[in-house]
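*Asks:* Submitted below is the structure of interest, expressed as structure tokens.
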Amino acid sequence: MPTPESPVVPLSPWGQAPPRAGDRVFRGLAQGSGVLIVALIVAIGGFLLLGAIPALKRDRENFLGYGGAWVTTDTSAMHFGILNLLQVTVLVSLAALLVAMPVALGVALFITQYAPRPLAGPLAYAIDLLAAVPSIVYGVWGLHVLAPQLRPFTTWLNHTMGWCFLFAGDTTAATRGGTVFTGGLVLAAMILPLTTAVTREVFAQTPTDQVEAALALGATRWEVVTTTVLPFGRSGYVSGAMLGLGRALGEMMALLVILRGTHAAFGWSLFDGGSTLATKIAGAASDLDNPYRAGAYIAAGLVLFVLTFVIDALARGALAGVTRRGRDR
């Protein structure tokens, strides 16, 4: 028992002896890596903000609400806005996420819980290989193969569900370069490997004793999945979905091939065309020499940067809530 006069010295995680040189070097490298990542993010955000200021000072329209054509050639009065770009970006990303999440969940459950071991390994490798396909290949496939095959279905969907704003509009937009509907399906195929891989790895870490206990109590395979595997892996499933959403928000080449930037006003229909924030920036390579014109597109990049951070923050909050509720149970 320490006397009142003697200070209480906290125990070092390294024991009473000072850490060895190798431990100090490793700790310094780890801390430096963390600081480097934060510094890179701050540097990217600062570059986008400084690059956007010249164009924002000369913008004579509502930066968010203006939906007309961009006028970036006159440096004294620039007209540009990102509302349509933001809407198309959000809708096509959400459409991809809604399609990819159920498929990723089913594939991950099949590989980890149902598939025989000789089949599970090759199937997992085959799905992972989808991530190696270049984006432009996905775009060309979506425009020239998938879109024509989907045209009868989209026509039927438009005639049957046209009363809903999501399925209203002109389905012939595919002949002008593609629709949000086609782009969402292609993006779903692109984010499926990432979402499936994360979900699969988390499901595979389900404690064996919990699974065996459920089976010993007479639970069926489906009851084991619903009572043990899914509660354990829910946080990983949400994390994989959010990683996929981040990939979808910033995808450029595939959507540039499919949508090809029609300038019609976006009406929140899956059969509309348009441009996302990423495709708008990618299609402006010839305008990036002028600092004022480039600033308009850098401003769009700043919005995409902020949007990604907001989505990630919301996902982190949702993930923390799911984890907390799982612990309370």
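*Asks:* Along Cα→Cβ, 7 Å out, is where each label goes; now give me the distance between the ones at ASP128 and HIS144 in nm to one decimal.
*Replies:* 3.1
*Asks:* How would ILE53, ILE37 line up from fewest to most surrounding beta-carbon atoms within 10 angstrom?
*Replies:* Placing the least packed residue first, the sequence is ILE37, ILE53.
*Asks:* Sort MET161, MET253 so that the residue with the fewest other Cβ atoms within 10 Å of its own Cβ comes first and the one with the most comes last. Mind showing how you got there, number by number?
*Replies:* Values: MET161 12, MET253 17.
Exposure proxy ranking, most exposed first: MET161, MET253.
*Asks:* Any idea which of THR179, LEU97, GLY34 is furthest toward the positive side of the dipole for the chain, if Lys and Arg beta-carbons carry +1 and Asp and Glu beta-carbons -1?
*Replies:* The residue sitting most towards the positive pole is GLY34.
*Asks:* Taking H as built 1.01 Å from N, whose amide H comes closer than 5 Å to the amide H of VAL71, not counting residues under 5 places away?
*Replies:* HIS79, PHE80
*Asks:* Another one. Kindly write out, for the stretch 95-103 in residue order, the coupling ³J(HN,Hα) from the Karplus curve 6.51 cos²θ - 1.76 cosθ + 1.60 (θ = phi - 60°), rounded to whole Hz, with x marking Gly and Pro.
*Replies:* Here the 3J(HN,Hα) series is 4, 5, 5, 5, 7, 6, 4, x, 5 Hz.
*Asks:* Take the Cβ-Cβ distance between ALA284 and ALA39 as r, set R0 to 41 Å, and report the resulting FRET efficiency rounded to the nearest 0.05.
*Replies:* Once the sixth-power term is evaluated, E becomes 0.90.
*Asks:* OK, next. Helix 180-204 versus the longest principal axis of the chain: what is the Cα-based angle in degrees, 0 to 90, to the nearest 10?
*Replies:* Once rounded, the angle reads 0 degrees.
*Asks:* Hey, another quick one. Apply the Karplus parameterisation 6.51 cos²θ - 1.76 cosθ + 1.60, with θ equal to phi minus 60°, to every residue of the stretch 32-47 and state each ³J(HN,Hα) to the nearest whole Hz, in sequence, with x for glycine and proline.
*Replies:* For the stretch 32-47, the Karplus curve yields x, 5, x, 5, 4, 4, 4, 5, 5, 5, 5, 5, 5, x, x, 4 Hz.
*Asks:* Still on this model: Just name one of GLY162, PRO54, VAL229: the one whose Cα is farthest towards the positive end of the charge dipole of the chain (beta-carbon charges, Lys/Arg +1, Asp/Glu -1).
*Replies:* Projecting each Cα onto the dipole axis, the largest value belongs to VAL229.
*Asks:* Among THR206, GLY246, ALA108, whose Cα sits farthest toward the positive end of the charge dipole of the chain (+1 at Cβ of Lys/Arg, -1 at Cβ of Asp/Glu, about the Cα centre)?
*Replies:* Of the listed residues, the answer is THR206.
*Asks:* With θ set to phi - 60° and the Karplus curve 6.51 cos²θ - 1.76 cosθ + 1.60, what are the ³J(HN,Hα) couplings of the stretch 127-135 in order, to the nearest whole Hz, using x for Gly and Pro?
*Replies:* 5, 4, 5, 4, 6, 8, 6, x, 4
*Asks:* GNM, the chain, Cα, under 10 Å: largest mean-square fluctuation among GLY68, GLY244, GLY32?
*Replies:* Taking springs between Cα atoms under 10 Å, the residue moving most is GLY32.
*Asks:* When the helix-only estimate is applied to the chain (DSSP H runs of n ≥ 4, each -39,500 (n - 2.57), divided by the residue count), what is the mean residue ellipticity at 222 nm, nearest 500 deg cm²/dmol?
*Replies:* Calculated from helices alone, the mean residue ellipticity at 222 nm is -21500 deg cm²/dmol.
*Asks:* For P(r) over Cα pairs in 20 Å bins from 0, in percent, pick the label among [x] 33, 61, 6, 0; [y] 31, 58, 10, 0; [z] 24, 47, 23, 5, 0 that corresponds to the value derived from the coordinates.
*Replies:* Evaluating P(r) over Cα pairs in 20 Å bins from 0, in percent on these atoms matches [z].
*Asks:* Still on this structure, I have one more. Can you tell me the dipole magnitude for the chain around its Cα centre, using point charges on the Cβ only (Lys, Arg +1; Asp, Glu -1), in Debye to the nearest 20? All intermediate terms of the calculation are to be shown ahead of the outcome.
*Replies:* Numbers: 21 positive and 17 negative charges, 31 e Å.
So the dipole magnitude of the chain works out to roughly 140 debye.
*Asks:* Of GLU251, GLU223, how do they rank once you tally other Cβ atoms within 10 Å and put the fewest first?
*Replies:* Ordered by Cβ neighbours within 10 Å, fewest first: GLU223, GLU251.
*Asks:* Amide H of SER269 versus every other amide H placed in the peptide plane: which residues, excluding those fewer than 5 positions away on the same chain, fall under 5 Å?
*Replies:* none
Bear in mind that the values in this text are calculations on the coordinates, not laboratory data. Computed from a predicted structure; not experimentally measured. Don't worry about glycine lacking a Cβ; one is built from the backbone with ideal geometry, like all the others, and counts go over all protein chains shown.
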